[in-house]
């Protein structure tokens with residue numbers, strides 16, 4: 001009766017043995033989208049090593065190269081694969097640099113709202129009572145304000161408070177806060193619901209009987225058990241955050257044009273769209289679509305795999 | 001005459017890593033007017049066989065070979081023919097009456113719908129037929145109950161409705177898959193009685209799938225024992241239970257707690273490592289053993305607990321008295337049983353003793369200190385250490401994200417923060433060996449263990465703080481009988497060697513009889529009677545106790 005098979009698995013073997021790994025191998029969508037994402041992440045974070053140009057170094061730019069079309073068109077030059085913009089910056093390099101900013105803002109915003117939302121949702125679900133009521137009504141109020149409007153509001157207030165010179169420096173933090181603050185109710189709701197389920201399970205009672213304090217029960221016992229759904233909405237939220245960043249930058253309230261993100265690039269290119277220089281706005285836009293789409297596909301796959309109720 | 005003939009039936013589940021044979025070459029015959037009990041532990045394939053007859057096997061499983069002959073037609077010849085027989089010639093009763101009825105349709109609508117799909121009857125005729133059926137299964141006031149929704153019926157009544165649904169198209173074969181497992185003892189005996197009556201009156205062939213040997217003994221004419229998808233033994237119930245031929249059947253029968261006598265240990269036939277007694281001593285070296293002084297360790301005085309239904313109005317009339325003026329005492333070193341049906345408040349009492357709930361009024365004394373009034377945290381910790389609990393469901397009582405050693409280490413490090421790592425590991429190993437698990441278990445996660453093994457881990461965790469009182473809330477009701485016998489043996493050994501005081505909560509009278517010195521009987525939150533185990537079973541004084549004892553399914557009933 002005591003003999004479970006006698007080999008103890010290493011962590012890597014555990015992963016290889018798991019259903020998640022197996023479902024990943026079996027799902028072409030998951031493989032394709034995660035490969036694309038890996039390439040994008042790699043290229044944008046090691047962009048200095050990959051691209052020969054630094055679009056933010058004015059000395060390396062030549063206005064002579066401005067408005068070069070993509071290399072496969074008639075007037076294209078081989079050294080600018082996707083062409084150049086109005087200042088002679090190589091489009092591909094600019095996109096990758098911009099993508100890095102978009103990703104940094106997206107990740108930071110989602111981590112910020114994850115910590116805020118899960119913290120509030122977990123405690124609300126665990127303690128209940130008036131505290132829970134206040135937190136949950138707060139999420140309801142937050143959800144009545146469209147997220148773009150919320151972000152615009154935060155940005156507007158920040159502009160009023162921060163001096164003009166400081167603003168460009170602070171813009172990225174304001175943006176992170178603005179996007180993060182409009183995403184947290186999702187996390188709060190999901191983690192509260194999951195906490196309500198988990199806290200009634202016997203292992204939580206067992207810890208209470210042993211005398212473990214509430215804080216430790218929440219973070220050591222309940223938190224790891226509610227992370228699955230949180231991770232799923234986190235992934236889908238990441239795509240939303242990146243899109244929100246681009247939207248805000250497109251509207252001109254995001255990161256300053258000196259350090260352009262994907263949204264800024266689309267806005268800048270927009271001016272040239274009808275004068276024939278389509279590539280300046282087209283490539284950043286298509287890049288953004290691929291990025292958001294891949295993240296969403298990966299999120300969908302995760303939701304299907306991690307939710308046992310959807311299993312066939 | 002043989003009515004149903006199952007020939008060489010095999011069911012496979014093609015899984016990622018291996019093919020699981022849920023049933024292997026099963027041959028069963030059922031006659032008309034006879035109840036065949038299909039018995040086995042979880043995973044033995046008994047439900048698979050039941051479902052395979054009507055080809056209701058879930059993906060990725062499939063019937064890989066064999067035939068099912070009903071009357072003289074092979075109903076497995078093509079998939080359309082099975083659909084025609086399902087619900088028509090073959091009626092089905094499932095375990096859970098809560099989910100087998102559609103909650104948004106009235107009982108009448110569901111009956112009429114089923115009847116009209118299979119029989120060519122007008123609505124009026126179908127209605128008359130349904131009312132007659134409801135009367136037949138013992139529902140009073142069938143004309144008015146006809147328009148009720150399922151939630152307006154109690155659990156037992158709902159199961160009667162399910163039976164009437166199964167019967168509505170005049171089936172000749174009835175498959176009942178654990179029809180009484182979700183019900184209380186008193187309702188169980190009514191439902192079994194009904195099935196027996198219907199079998200005789202309608203000349204049905206019945207397959208009764210169950211894990212409960214008592215149910216088999218009381219109802220089945222013949223019994224088939226299954227293990228790991230194989231048919232172990234089939235024959236007359238009396239013969240199989242009295243004189244089992246196969247080893248597995250022997251161990252199954254000997255694991256069932258007898259209702260008519262108290263035995264000191266369960267005989268485990270199948271396992272060889274019976275003589276591992278010295279295991280338990282390991283933990284003894286660390287144990288500060290309490291002398292048994294024949295004094296009261298726990299005392300409950302006029303304990304009340306009410307749950308308010310309504311959030312906004314306190315003290316509303318809606319509040320449910322879960323525990324109503326309960327007083328009893330448990331002596332040091334004794335095992336005290338608390339028996340009652342579901343909703344009798346036995347778990348609520350347990351949770352108040354371990355301080356998960358605060359009582360609405362009344363006091364609990366532990367070692368002559370009132371633990372319900374303790375405000376200081378450090379004071380409370382002292383008692384937390386001495387009172388531990390084992391839970392019913394071994395699947396939810398262990399945190400799946402922690403390794404076994406971390407689960408067991410938690411209480412140790414909490415109450416003894418200065419313990420060194422080596423000392424801690426040794427302690428964990430000793431605890432694991434005391435519950436008959438090997439040291440390698442420490443590095444595994446709970447999901448790698450079976451239900452019985454998890455319950456052992458749960459016991460090891462409870463013992464880690466060296467408690468004086470162990471509250472066991474239905475510790476074996478989620479387990480198979482043979483595993484139950486092992487766990488009960490383990491608890492007995494531990495109690496004997498460590499002088500533990502045990503509060504044993506169960507709905508299962510035979511189990512309580514084996515485990516406890518004294519027993520309290522609860523009904524609707526009130527304590528009916530407290531007396532010594534043998535007194536209670538031989539000379540019950542309270543009406544309710546007499547009824548409970550009368551109704552419990554007895555494996556011994558076969559001898560009469």
Legend entry - Qualifying residues in segment A:22-33 (those that are within 12 Å of chain B (Cβ to nearest Cβ) and surrounded by 13 or more Cβ atoms within 10 Å (Cβ to Cβ)) - the one farthest from residue A:298 (Cα to Cα): A:22
Inset, instruction - Starting from residues that are facing another protein chain (nearest Cβ under 9 Å), in contact with a helix residue (DSSP H, G or I) (Cβ under 6 Å, 6 or more places away or on another chain) and in a helix (DSSP H, G or I), keep the ones in segment B:447-469 and report whichever is nearest to residue B:266 (Cα to Cα). - result: B:452
Inset, instruction - Within segment A:53-76, count every residue that is in contact with a helix residue (DSSP H, G or I) (Cβ under 8 Å, 6 or more places away or on another chain) and farther than 19 Å from residue A:285 by Cα. - result: 3
Legend entry - Subset of segment B:87-99 that is more than 15 Å from residue B:53 (Cβ to Cβ) and out of contact with any strand residue (DSSP E or B) (no Cβ under 8 Å at 6 or more places or on another chain) - its residue that is surrounded by the most Cβ atoms within 10 Å (Cβ to Cβ): B:97
Legend entry - Those strands (runs of 3 or more DSSP E) lying entirely in segment B:329-405 with at least 3 residues at the interface with another protein chain (Cβ under 10 Å from one of its Cβ atoms) and under 19 Å from residue B:501 (Cβ atoms): B:387-390
Legend entry - Filtered residues of segment B:15-28 (kept if under 16 Å from residue B:59 (Cβ atoms) and within 14 Å of another protein chain (Cβ to nearest Cβ)): B:15, B:16
Inset, instruction - List the number of the failed condition for residue A:8; all other conditions in (1) farther than 25 Å from residue A:264 by Cβ; (2) assigned to a helix (DSSP H, G or I); (3) modelled with pLDDT under 90 hold. - result: (2)
Inset, instruction - Kindly list the number of the only condition in (1) in contact with a helix residue (DSSP H, G or I) (Cβ under 6 Å, 6 or more places away or on another chain); (2) assigned to a helix (DSSP H, G or I); (3) at pLDDT 75 or above that fails for residue A:49. - result: (1)
Inset, instruction - Those residues that are in a helix (DSSP H, G or I) and within 21 Å of residue B:89 (Cα to Cα), I need them from segment B:124-144; list them, please. - result: B:125, B:126, B:127, B:128, B:129, B:130, B:131, B:132, B:133, B:134, B:136
Legend entry - Filter pass, residue A:242 being modelled with pLDDT of 90 or more and out of contact with any strand residue (DSSP E or B) (no Cβ under 6 Å at 6 or more places or on another chain): yes
Legend entry - Some residue of segment B:157-167 being free of Cβ contacts under 8 Å to residues at least 12 places away in the same chain and under 30 Å from the mean Cα position of the chain (by Cα): no
Inset, instruction - Could you list, in sequence order, all residues of segment B:57-86 that are under 30 Å from residue B:255 (Cβ atoms) and in contact with a strand residue (DSSP E or B) (Cβ under 8 Å, 6 or more places away or on another chain)? - result: B:57, B:61
Legend entry - Lone qualifier among B:163, B:112, B:139 - being touching a helix residue (DSSP H, G or I) at 6+ places or on another chain (Cβ under 7 Å), under 17 Å from residue B:210 (Cβ atoms) and crowded, with 17+ Cβ neighbours inside 10 Å: B:163
Inset, instruction - Working carefully through the options B:106, B:19, B:48, find the one that is surrounded by fewer than 18 Cβ atoms within 10 Å (Cβ to Cβ) and in contact with a strand residue (DSSP E or B) (Cβ under 8 Å, 6 or more places away or on another chain). - result: B:19
Legend entry - Filter result for the condition that a residue is in contact (Cβ under 8 Å) with a residue 60 or more places away in the chain and farther than 18 Å from residue B:190 by Cβ, over B:125, B:172: B:172
Legend entry - So residue A:123, is it modelled with pLDDT of 90 or more and surrounded by 17 or more Cβ atoms within 10 Å (Cβ to Cβ): yes
Inset, instruction - All but one of (1) touching a residue at least 40 places away in the same chain (Cβ under 8 Å); (2) touching a strand residue (DSSP E or B) at 6+ places or on another chain (Cβ under 6 Å); (3) surrounded by fewer than 22 Cβ atoms within 10 Å (Cβ to Cβ) hold for residue B:341, so report the exception by its number. - result: (2)
Inset, instruction - May I ask you to list pairs of residues, at least six apart or on different chains, whose Cβ atoms are under 8 Å apart, with the first in segment A:206-219 being within 9 Å of another protein chain (Cβ to nearest Cβ) and farther than 18 Å from residue B:389 by Cβ and the second being part of a loop (DSSP other than H, G, I, E, B) and modelled with pLDDT under 90? - result: none
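Each row is one residue, and each column tells you yes or no for (1) surrounded by fewer than 16 Cβ atoms within 10 Å (Cβ to Cβ); (2) under 27 Å from the mean Cα position of the chain (by Cα).
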{"site": "B:34", "(1), (2)": "no, yes"}
{"site": "B:40", "(1), (2)": "no, yes"}
{"site": "B:61", "(1), (2)": "no, yes"}
{"site": "B:67", "(1), (2)": "yes, no"}
{"site": "B:82", "(1), (2)": "no, no"}
Inset, instruction - Could you check, for segment B:432-443, whether at least one of its residues is assigned to a helix (DSSP H, G or I), buried (at least 22 other Cβ atoms within 10 Å of the Cβ), touching a helix residue (DSSP H, G or I) at 6+ places or on another chain (Cβ under 8 Å) and away from chain A (no Cβ under 11 Å)? - result: yes
Inset, instruction - Answer yes or no: is there a residue in segment B:411-423 that is more than 9 Å from every other protein chain (Cβ to nearest Cβ), crowded, with 22+ Cβ neighbours inside 10 Å and not in a loop (DSSP other than H, G, I, E, B). - result: no
Inset, instruction - State whether one or more residues within segment A:276-299 are surrounded by fewer than 20 Cβ atoms within 10 Å (Cβ to Cβ) and more than 25 Å from the chain's Cα centre (by Cα). - result: yes
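The values are calculated or read from the model by the stated rules, or taken from the named source; none is laboratory data. Computed from a predicted model, the values in this text were never measured in an experiment. Note that each Cβ is placed from the backbone with ideal geometry, even for glycine, and that neighbours are counted across all protein chains shown.
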